[in-house]
1. Take the alpha carbon gyration tensor of region 10-100, find the square roots of its eigenvalues, order them as a ≥ b ≥ c, and report rounded if a/c is under 1.5; if not, report prolate when a/b exceeds b/c, else oblate.
2. Could you order the peptides 80-86, 50-56, 33-39, 14-20 from most to least packed, using the average number of other C-beta atoms within 10 Å per residue?
3. Using 0.36 nm times the number of residues separating Arg124 and Ser58, minus their current alpha carbon distance, what extension gain do you get?
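FYI, it's all coordinate maths here, none of it is from the lab. Keep in mind it's a predicted model, so treat the numbers as computed, not measured. Using ideal geometry, Cβ is built from the backbone for each residue, glycine included, and neighbour counts are taken over all protein chains shown.
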Amino acid sequence: MDILLRHPLVIRAHGYEVTAPEPAAYLFQKLAINAVRSKEKQEKDANAVSELAQFLRSKPEEAVRLGELFDELTKKKKCGVAAAAERLGVVLTKSGELNAPANIPLSYRAYALICVGDPHTVERDIHELFEMFGLGLACLSATI
């Protein structure tokens, strides 16, 4: 995946220069390839990806960067990354219009935006379902 090459991070220390991918780019690469890796490597990646996602979410500028890099992915890659994140239980956040509330996993919002269509229509439909069953918005927040 060329996301690693498009987003290098150059680190200079003690007279050395090391080039590595940005953490968010590395995270998306690991999620994108997870389904095609061996079961053993999938499990190993799951732990690394979960810890990295948690760290990136804790830093506001990195959380925004996650959203920016996610937006650069193709529609197919977005669905693959979102599916892997959901399968592995990795919670990502995305900046922009789908970042409210911020605690909704990116995988849910990505499906609404990429795989379903208009996120506003999806949100409206979800609210209508909860109202129809008399569950209210407090219940909706608790289930997400």
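1. oblate
2. Highest to lowest by the protection proxy: 80-86, 50-56, 33-39, 14-20.
3. Gain in length upon complete extension: 20.8 nm.
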